[in-house]
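Q: Here's a structure for you.
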Amino acid sequence: MRSITVTVAALCYVVFVFGVLSFSSNAQLDPSFYKKTCPNVSSIVREVVRNVSKKDPRMLASLIRLHFHDCFVLGCDASILLNNTDTPTKIESEQEAAPNNNSIRGLDVVNQIKTAVEKACPGVVSCADILTLAAEISSVLGGGPDWKVPLGRRDGLTASRTLANQNLPSPFSSLDQLKSAFAAQGLNTTDLVALSGAHTFGRARCTFVTSRLYNFNNSSKPDPTLDTTYLQQLRGQCPNGGPGNNLVNFDVTSPDTIDNDYYSNLKVKKGLLQSDQELFSTSGADTISLVNTFASNQDVFFANFKASMIKMGNIGVKTGKDGEVRKQCNFINKKSAEFDLASVVSKESSQENMVSSF
């Protein structure tokens, strides 16, 4: 009984202090949107993601990141999936923006899902909803929380490489820069800390880390917020002057599982990216108390993570007659008419050995 009381109290603390558990969503989105038109869509998405993740466990983190990078540019409208095209409308793919180029993964997985969904329910389910469902399913398969995904998004008709370069946070961002990037999307400080918890699993390339290890802020010294033992471990994985493509676990304790170890790592100066450690090591920051709370109570972290994922998934959504339901996720429908869907192979942004920041 005492444990139940503690859990309830902790969750109430989240509701009244953090104020993020309203689970409000766009009024036109509904978890039962496809109940009559494609009732098995979630099961179809889950089957593809599960099969891929058996061979490539870090794909789960990559799919969550793909959703994140979509929503921060033009809203959650699958604009990140669009390839370069000159006709009928010129589109400069977001996949070639600096934060995405040789970085994002999972484009082929989304196309596998789309093909399976189209066989069951042709012309019904948007690529934007597939991205959102894949992110939630990746959380569950990674040991994290589940939630009812509001559905009914439509796919956008364009992309913006310029906004991708402008809106997506950098692994080298300061806390103020991170807050500004999230605030621009209608997300608050709690959302920032909760969504950063996605770095509890997955890998990053050494290129995002080496400056912290050898020449932080052009000082010719390592980042002073790095634990010295962890520093030596990372130097062994990321040699100075190396190609930068070696992979490093985000979480040193449970690299393939969604849990609250990410926050415990921050408290002992073992955040991998500068943007991670900024959440705890920025003097006087209001993020410190959130890190402490999430580190001490995984249930509270999970509750906030799923609330913030729902909130992020509602950014700038297109519904009703706005946008379209793409037949092929990499092209708007006017362009897809020029192709046979079965013959189109997605442009994966990188070879298998290249890796995202997740």
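The values are calculated or read from the model by the stated rules, or taken from the named source; none is laboratory data. As the structure is a prediction and not an experimental result, all values here were calculated from the model. Ideal geometry is used to build each Cβ from the backbone, glycine not excepted, and the neighbour counts take in all protein chains shown. Note: areas computed on protein heavy atoms with side chains; ligands, DNA, RNA excluded. Shrake-Rupley method; radii C 1.70, N 1.55, O 1.52, S 1.80 Å.
Q: Yes or no: residue 161 open to solvent by less than 10 Å² (accessible area, probe 1.4 Å), of a type outside the set (Val, Ile, Thr), touching a Ser or Thr at 6+ places or on another chain (Cβ under 9 Å) and modelled with pLDDT of 95 or more?
A: no
Q: Then there is this: Scan (1) over 19 Å from residue 192 (Cβ atoms); (2) crowded, with 17+ Cβ neighbours inside 10 Å for the single condition residue 244 breaks and write down its number.
A: If we test residue 244 against (1) over 19 Å from residue 192 (Cβ atoms); (2) crowded, with 17+ Cβ neighbours inside 10 Å, just (2) comes out false.
For (1) more than 24 Å from residue 260 (Cβ to Cβ); (2) touching a strand residue (DSSP E or B) at 6+ places or on another chain (Cβ under 6 Å), each residue gets a yes or a no:
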{"residue": "105", "(1), (2)": "yes, no"}
{"residue": "109", "(1), (2)": "yes, no"}
{"residue": "115", "(1), (2)": "yes, no"}
{"residue": "119", "(1), (2)": "yes, no"}
{"residue": "123", "(1), (2)": "yes, no"}
{"residue": "126", "(1), (2)": "yes, yes"}
{"residue": "132", "(1), (2)": "no, no"}
{"residue": "136", "(1), (2)": "no, no"}
{"residue": "141", "(1), (2)": "no, no"}
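Q: Among all residue pairs at least 6 apart or on different chains, which show Cβ distances below 6 Å where the first residue, located in segment 312-337, is part of a strand (DSSP E or B) and the second is modelled with pLDDT of 95 or more and acidic (Asp, Glu)?
A: 318/77; 324/155
Q: Go through segment 162-210 and give me each residue that's assigned to a loop (DSSP other than H, G, I, E, B), more than 15 Å from residue 272 (Cα to Cα) and out of contact with any Leu (no Cβ under 8 Å at 6 or more places or on another chain).
A: 168, 184, 185, 186, 188 - these are the residues of segment 162-210 that are assigned to a loop (DSSP other than H, G, I, E, B), more than 15 Å from residue 272 (Cα to Cα) and out of contact with any Leu (no Cβ under 8 Å at 6 or more places or on another chain).
Q: In segment 65-97, how many residues are in a loop (DSSP other than H, G, I, E, B) and more than 24 Å from residue 309 (Cα to Cα)?
A: The number of residues fulfilling the criteria is 9.
Q: Can residue 149 be described as at pLDDT 95 or above, assigned to a loop (DSSP other than H, G, I, E, B), within 30 Å of residue 297 (Cβ to Cβ) and open to solvent by less than 60 Å² (accessible area, probe 1.4 Å)?
A: In short, yes.
Q: For segment 207-232, give me each residue that is surrounded by 14 or more Cβ atoms within 10 Å (Cβ to Cβ) and not hydroxyl-bearing (Ser, Thr, Tyr).
A: Those that are surrounded by 14 or more Cβ atoms within 10 Å (Cβ to Cβ) and not hydroxyl-bearing (Ser, Thr, Tyr): 208, 209, 212, 213, 215, 216, 222, 223, 226, 227, 231.
Q: Within segment 111-146, can you find the residues that are more than 24 Å from residue 301 (Cα to Cα) and surrounded by fewer than 24 Cβ atoms within 10 Å (Cβ to Cβ)?
A: 111, 112, 115, 116, 118, 119, 120, 121, 122, 123, 124
Q: Quick check on residue 249: is it open to solvent by 10 Å² or more (accessible area, probe 1.4 Å) and in contact with a Pro (Cβ under 6 Å, 6 or more places away or on another chain)?
A: In short, yes.
Q: If I ask for residues that are assigned to a helix (DSSP H, G or I) and closer than 13 Å to residue 189 by Cα, which ones from segment 281-306 would you list?
A: Matches in segment 281-306: 287, 288, 289, 290, 291, 304, 305.
Q: Evaluate the following for residue 186: is it open to solvent by 20 Å² or more (accessible area, probe 1.4 Å) and on the phi > 0 side of the Ramachandran plot?
A: For residue 186, the condition - open to solvent by 20 Å² or more (accessible area, probe 1.4 Å) and on the phi > 0 side of the Ramachandran plot - is met.
Q: Determine the pairs where a residue that is of a type in the set (A, V, I, L, M), located within segment 105-126, has a partner that is open to solvent by less than 20 Å² (accessible area, probe 1.4 Å) and assigned to a loop (DSSP other than H, G, I, E, B) with Cβ atoms under 6 Å apart, the partner being 6 or more residues away or on another chain.
A: That search, which allows pairs on different chains as well, returns 107/346; 110/329; 117/125; 124/38; 125/38.
Q: Restricted to segment 252-274, and to residues that are in contact with a Leu (Cβ under 9 Å, 6 or more places away or on another chain) and surrounded by fewer than 22 Cβ atoms within 10 Å (Cβ to Cβ), which residue is farthest from residue 228 (Cα to Cα)?
A: Within segment 252-274, the match that is farthest from residue 228 (Cα to Cα) is 256.
Q: Then there is this: Any idea which residue in segment 315-349 is modelled with the lowest pLDDT, counting only those that are open to solvent by 30 Å² or more (accessible area, probe 1.4 Å) and among the polar types (S, T, N, Q)?
A: 343
Q: Okay, moving on. Is it true that residue 176 is surrounded by fewer than 16 Cβ atoms within 10 Å (Cβ to Cβ) and under 18 Å from residue 58 (Cα atoms)?
A: Answer is no for this residue.
Q: Taking the condition aliphatic (A, V, I, L, M), over 17 Å from residue 173 (Cβ atoms), touching a helix residue (DSSP H, G or I) at 6+ places or on another chain (Cβ under 8 Å) and modelled with pLDDT under 95, does residue 300 pass?
A: no
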